1. List the residue pairs whose Cβ atoms are under 6 Å apart, where the first residue sits in the range 382-402 and is surrounded by 15 or more Cβ atoms within 10 Å (Cβ to Cβ) and among the small types (G, A, S), the second is at pLDDT below 85 and part of a strand (DSSP E or B), and the two are 6 or more positions apart or on different chains.
2. Residues K170, K86, K166, K95: which one is at pLDDT below 95 and within 16 Å of K203 (Cα to Cα)?
3. Given the structure, is L150 touching a Phe, Trp or Tyr at 6+ places or on another chain (Cβ under 8 Å) and either open to solvent by 50 Å² or more (accessible area, probe 1.4 Å) or closer than 14 Å to K197 by Cα (or both)?
4. Residue by residue through the range 244-258, note down the ones that are assigned to a loop (DSSP other than H, G, I, E, B) and open to solvent by less than 40 Å² (accessible area, probe 1.4 Å).
5. Collect the residues in the range 227-243 that are open to solvent by 20 Å² or more (accessible area, probe 1.4 Å), touching a residue at least 24 places away in the same chain (Cβ under 8 Å) and within 15 Å of the chain's Cα centre (by Cα), keeping them in residue-number order.
6. Tell me, which residue of the range 160-169 that is not basic (K, R) and not in a loop (DSSP other than H, G, I, E, B) is most open to solvent (accessible area, probe 1.4 Å)?
7. Do any residues in the range 107-121 that are at positive phi and of a type in the set (S, T, Y) have Cβ atoms under 8 Å from those of residues that are part of a helix (DSSP H, G or I) and open to solvent by 30 Å² or more (accessible area, probe 1.4 Å), where the two are at least six apart or on different chains, and which pairs are they?
8. Do we find a residue being closer than 19 Å to Q351 by Cβ, buried (at least 18 other Cβ atoms within 10 Å of the Cβ) and either at pLDDT 90 or above or not hydroxyl-bearing (S, T, Y) (or both) anywhere in the range 274-292?
Amino acid sequence: MWYATPQSPYPNIPSLRHRKMQPSAAAATVGSPYSTSRIAFLSRLLATDISAFKTTPLKWNSANNLFICRNSLTPKNPLPSFSTPKASLSGDNSKTQLIDLIDDDQDVVRQARRSADWKAARAHLENGIVYQGRVEGSNGGGLLIRFYSLVGFLPYPQLSPSHSCKEPDKTIQEIAKALTGSLISVKVIHAEEEKRKLIFSEKEAAWSKYSNSVKVGNVYQAKVGSVEDYGAFAHLRFPDGLYHLTGLVHVSEVSWDLVQDVRDILNEGDDVKVKVIGVDRNKSRITLSIKQLEEDPLLETLEKVIPLDGSTDSSSDSTTDYAIVPLPGLETIIEELQREDGIIDIKITRQGFEKRVVSQDLQLWLSNAPPNGNQFTLLARAGRQVQEIQLVTSLDQDGIKSALQRVLERVP
């Protein structure tokens, strides 16, 4: 039963007639005793910033099970007196107050509050707002995060790597238990009121704060996280000593040598130095390289056995004084490459022999050596033998890579 004064001094709060509210078939929700208008009224009321009215807050009258505002909704100029009609419930006279906003049915209040909080969650999702959420507890899959009157879920994979890197000896369950009661920065990544799904991410909040400082070419100390067949994830250490963001070192960027299994080189918890070679800000991804912090071993081998001035060491296994026979399969690749648009000239200029055998198969590399005008360096290797190829082209580095890819797809 709701009561209100005949006039309301606040335009944002609708006036209610001083009468018993009878739910109608049109207004009531199927299976619910609460009318849509009552819930909508309470949602508007809870969303109203009544602090702007500079009035005293609502008070709970435990004797009558009513929310009472003794003077907050009283107009500045007193209203004319009027008589209050008598009403009866179960034979008892109803107790009237200046205004009775809510009766003893608290489910209506909770439903309105939750509806307003789901609306806030969707706003946080759409606007990418970072929220300070209190950790209420945890279960087998993640943390329980308080969001106003709602409780959402933060899966363990969405935790920032700073926790596990700080305490590597603890299990994820022990870390979660230690976080209970604390505040952490999170972002809403899923909000679906109909299915009651509210999911958070601490990683996304960390990305918003720290990713702008990550640039291509930056070098970081990092700690290896999980290791997969396709590469290893590395957590980047920031100036505050914590590991806030994670990048991927693809298997091709682990070493200049042929890597059959990343786990032969990297293990979880290893400390490594990495170079940022790519940042996708739309997908929140960082691409890292370990090998690009080292010199290309092929170039190093050639420069040692064949000095840049063209002179040869009589004790070295190198040849520059006669025509170089291309490595098996290389001549076909060169012929196909010359048919690509933008390729002007290709010539094998030097060869040498390594002390180790990395692979018996022919491998073709685009050297990291800076180009000399429109001249790039390719390196071919099979067994111990290495050959240097000078490529004159109008293409840039990416164009050369694309041309090589097309050629290798054509050559059996």
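1. Close Cβ pairs (under 6 Å, with a partner that is at pLDDT below 85 and part of a strand (DSSP E or B)) do not exist here.
2. Values: K170 fails: within 16 Å of K203 (Cα to Cα); K86 fails: within 16 Å of K203 (Cα to Cα); K95 fails: within 16 Å of K203 (Cα to Cα).
Sole residue among the options that is at pLDDT below 95 and within 16 Å of K203 (Cα to Cα): K166.
3. On the way: touching a Phe, Trp or Tyr at 6+ places or on another chain (Cβ under 8 Å): yes; either open to solvent by 50 Å² or more (accessible area, probe 1.4 Å) or closer than 14 Å to K197 by Cα (or both): yes.
Answer is yes for this residue.
4. Here is the first cut: in the range 244-258, the ones assigned to a loop (DSSP other than H, G, I, E, B) are 254-258.
Across the range 244-258, the qualifying residues are V254, S255, W256.
5. Matches in the range 227-243: H235, Y243.
6. Taking the range 160-169 and keeping what is not basic (K, R), we get 160-165, 167-169.
Filter again for not in a loop (DSSP other than H, G, I, E, B), leaving 162-165.
On the way: S162: 17, H163: 36, S164: 53, C165: 17 Å².
Ranking the candidates gives S164 first.
7. Correct list of pairs: empty, since none qualify.
8. Applying the first criterion (closer than 19 Å to Q351 by Cβ) to the range 274-292 yields none.
No, the conditions are met nowhere in the range 274-292.
The values are calculated or read from the model by the stated rules, or taken from the named source; none is laboratory data. Just so you know, these numbers come straight off a predicted model, no measurement behind them. Here the Cβ is made from the backbone with ideal geometry for all residues, glycine too, and neighbour counts use every protein chain on show. For accessibility, only protein heavy atoms count, side chains too; no ligands or nucleic acids. Shrake-Rupley method; radii C 1.70, N 1.55, O 1.52, S 1.80 Å.
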